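Quick notes on the structure that follows.
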Amino acid sequence: MRLLLLLASLTVLLGAEEHSAPSLSQFTLHESMADIAARFGSGAHSVRGNGFAILEYGDDSADRTELGYEWVFYFDMPGGAMVSAAYNTVAGTSIKSYFPPGATKVHLYKNGTSSMSALSRILPDNRILIAVGAANPESRCSQLVLIRRSALERFYPWIAKDLE
């Protein structure tokens, strides 16, 4: 089954001229670093730290986005389990189709004078899709994150608390 999902998403990606946000929700979060390299190529910027590895693809110039690389994949090490995949874009992506009414939760984080909004949607297989910085599904969003529910507390504790 995993191979079929991988082949189906690979077919979609190879048919596109560039990788785009619609392919984000096709990730199972069971992909390995080798799976990601096979999809995106060997030209990744790689960051390794104590207990994690990150693969980054696309342009990271200041002209493109202040969020960093277009695609960012986070893995727990030494096992190599994918924790999250993020898509960053300057122009913002229409997110309405990703966050339908009844399946979408709005989150607001406040810390003193700063605040942040996000939308979340629980997906099958213990995955959560997050539109960081979006206040409603009609918004355009510059950062979409697909994350394992088990890792939500570590990276987005304010969203994890809302989903309890």
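Pairs are defined by a Cβ separation below 7 Å, a sequence spacing of at least 6 or placement on different chains, a first member in region 121-135 that is farther than 11 Å from Ile95 by Cα and at pLDDT 95 or above, and a second member that is part of a loop (DSSP other than H, G, I, E, B) and open to solvent by less than 50 Å² (accessible area, probe 1.4 Å); the pairs so defined are Arg121/Phe99; Arg121/Ala103; Arg121/Thr104; Arg127/Leu29. In the set Gly79, Gly112, Gly133, only one residue is under 26 Å from Phe52 (Cα atoms) and open to solvent by 60 Å² or more (accessible area, probe 1.4 Å); that residue is Gly79. Taking region 33-123 and the strands (runs of 3 or more DSSP E) fully enclosed by it, the elements with 2 or more residues that are closer than 20 Å to Arg149 by Cα and touching a strand residue (DSSP E or B) at 6+ places or on another chain (Cβ under 7 Å) are at 52-57, 71-76, 81-94, 105-111, 114-123.
This table checks each residue for (1) touching a helix residue (DSSP H, G or I) at 6+ places or on another chain (Cβ under 9 Å); (2) within 17 Å of Ser23 (Cβ to Cβ).
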| residue | (1), (2) |
| --- | --- |
| Tyr69 | no, yes |
| Val90 | no, no |
| Thr93 | yes, yes |
| Ala103 | no, no |
| Ile122 | yes, no |
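When residues in region 136-151 are screened for being among the small types (Gly, Ala, Ser) and over 17 Å from Ile122 (Cα atoms), 2 of them pass.
The values are calculated or read from the model by the stated rules, or taken from the named source; none is laboratory data. All of these numbers come straight from a predicted model, not from anything done at the bench. As a convention, Cβ positions derive from the backbone with ideal geometry for all residues, glycine included, and neighbour counts pool all protein chains shown. Protein only, heavy atoms only, side chains kept; ligands, DNA and RNA dropped before computing areas. Shrake-Rupley method; radii C 1.70, N 1.55, O 1.52, S 1.80 Å.
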